[in-house]
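The values are calculated or read from the model by the stated rules, or taken from the named source; none is laboratory data. Keep in mind the model is a prediction, meaning the values are calculated, not measured. Don't worry about glycine lacking a Cβ; one is built from the backbone with ideal geometry, like all the others, and counts go over all protein chains shown. The protein model used for the area step is the full one, side chains on, heavy atoms only, and it has no ligands, DNA or RNA in it. Shrake-Rupley method; radii C 1.70, N 1.55, O 1.52, S 1.80 Å.
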Amino acid sequence: MTDRLGELSAAGVAIWLDDLSRTRLSSGGLDQLRREKHLVGVTSNPTIFAKALSDADEYNWQLKDLATRGLEVEEAVRLLTTYDVRWACDVMRPAYDATAGVDGRVSIEVDPRLAHETEKTVAEAKGLWWLIDRPNLFIKIPATEAGLPAITATLAEGISVNVTLIFGLDRYSAVMEAFLAGLEQAKANGHDLSKIGSVASFFVSRVDSEVDKRLEKLGSDEAKALRGKAAVANARLAYERYGEVFSSDRWQALADAGAHPQRPLWASTSTKNPDYRDVIYVEELIAPGTVNTMPESVIHAYADHGETRGDTITGAYDEARKVFTDLESVGVDMSDVIATLEREGVEKFEASWLELLDGVRKSLTAAAQGTGAPNKAAKGSARAAEQAGGNA
């Protein structure tokens, strides 16, 4: 049988899973994906944790202990989620060792309510880094205006960062600038740059969802012909900027000191429109030095029928620019699209975090009162979180 995921990996794409749960960990499912499906990384978010906590009896013993101790809900959430992430880091450690620290990473997100507060984001990042205490951890920080200096400050402390919620090209350029500045400060602070990792999570399918909605509203044949093209074009032009930054003299000085580049990570790669090919955001975004984080369903779909046609990005920059020109000509304001997506992205993750807190609060109450399996009390909250936020 054709090893399609092996071909994808050989083409330079690191395959990561956009999901995490204690059931996946305790059953050996995550390790099986690592061993059999070329999986070399894991991402998580509040929605994923809310669903995980509502579906698995494996959390009951910890919920009961936390309830007995009388912990506040936010501290309970911190302990529940970091337990899973620490365990996942250990499962993925072989991939980390095999790639000299490039892959084998597991991401956990700072409280999304801090997205517009720089100092609190940095403090939260440091707290999670200390608590999990694994070298293959990534701390997820959103690419908001306040997040940019937080990214630099966190990297300067020697802490590895997954920058999340990137939608636009100009913001992506600012993220790479924050990364370079952070590594320069880390070097000045005496940190070993070879131990610091970073990815820049550039969201894909959500761009098509927003643009397609506007194209449908415009209604012309010219507008409808552009459906399903914006997201791939946007990501391809991001990769062009990545190539420019990481071929510069400034980057070379850091590379000479042992630094690894901040790889672009394609996030939100499950197809939201059923009319589109289910692996389109994998097949059309293949290039060396990239990461694609997928739900398990997309990993299996690619293993079944994905086509690896070599580099599908670097030869398509002019085509991508034409898509942007055509979108402008029919009346789609991409700057407004990007601003809308960033605002909604932060709001959705905040809503998911609040639902996670609510679900854990109900579970702790159930555990304290002995009214049944604690995690089952959170099911309604988890469903609401899933609807509000969705996976990355």
Practice prompt. Considering every residue within region 138-148, establish whether at least one is touching a residue at least 12 places away in the same chain (Cβ under 8 Å), of a type in the set (Lys, Arg) and crowded, with 17+ Cβ neighbours inside 10 Å.
Written response: yes
Worksheet item: Residue check: is Arg241 closer than 23 Å to Ala316 by Cβ, of a type outside the set (Val, Ile, Thr) and either touching a helix residue (DSSP H, G or I) at 6+ places or on another chain (Cβ under 7 Å) or not in a helix (DSSP H, G or I) (or both)?
Response: yes
Discussion item. Given the criteria modelled with pLDDT of 95 or more, assigned to a loop (DSSP other than H, G, I, E, B), closer than 25 Å to Leu20 by Cα and open to solvent by less than 40 Å² (accessible area, probe 1.4 Å), does Leu341 qualify?
Written reply: no
Discussion item. Would you confirm, using the coordinates I've provided, whether Val85 is touching a Pro at 6+ places or on another chain (Cβ under 9 Å), in a helix (DSSP H, G or I) and not polar (S, T, N, Q)?
Written reply: no
Discussion item. Suppose we keep only residues that are part of a helix (DSSP H, G or I) and exposed (fewer than 15 other Cβ atoms within 10 Å of the Cβ) within region 366-383. Which one would you say is modelled with the highest pLDDT?
Written reply: Gln369
Item to complete: Have a look at Ala10, Ala88 and point out the one that is surrounded by fewer than 24 Cβ atoms within 10 Å (Cβ to Cβ) and of a type outside the set (D, E, K, R).
Response: Ala10
Discussion item. Going residue by residue through region 189-196, is there one that turns out to be of a type outside the set (Gly, Ala, Ser) and open to solvent by less than 10 Å² (accessible area, probe 1.4 Å)?
Written reply: yes
Worksheet entry | Verdict on Trp266 being aromatic (Phe, Trp, Tyr), farther than 25 Å from Lys217 by Cβ and not in a helix (DSSP H, G or I) | yes
Worksheet item: Out of Ala316, Ala259, Ala301, Ala351, which single residue is buried (at least 16 other Cβ atoms within 10 Å of the Cβ), part of a loop (DSSP other than H, G, I, E, B), among the hydrophobic types (A, V, I, L, M, F, W, C) and out of contact with any His (no Cβ under 8 Å at 6 or more places or on another chain)?
Response: Ala259
Practice prompt. State yes or no: is Ala115 of a type in the set (Gly, Ala, Ser), in contact with a Pro (Cβ under 7 Å, 6 or more places away or on another chain) and in contact (Cβ under 8 Å) with a residue 40 or more places away in the chain?
Written response: yes
Worksheet item: Given (1) assigned to a helix (DSSP H, G or I); (2) within 18 Å of the chain's Cα centre (by Cα); (3) buried (at least 22 other Cβ atoms within 10 Å of the Cβ); (4) not acidic (Asp, Glu), where does Trp129 come up short, assuming only one miss?
Response: (3)
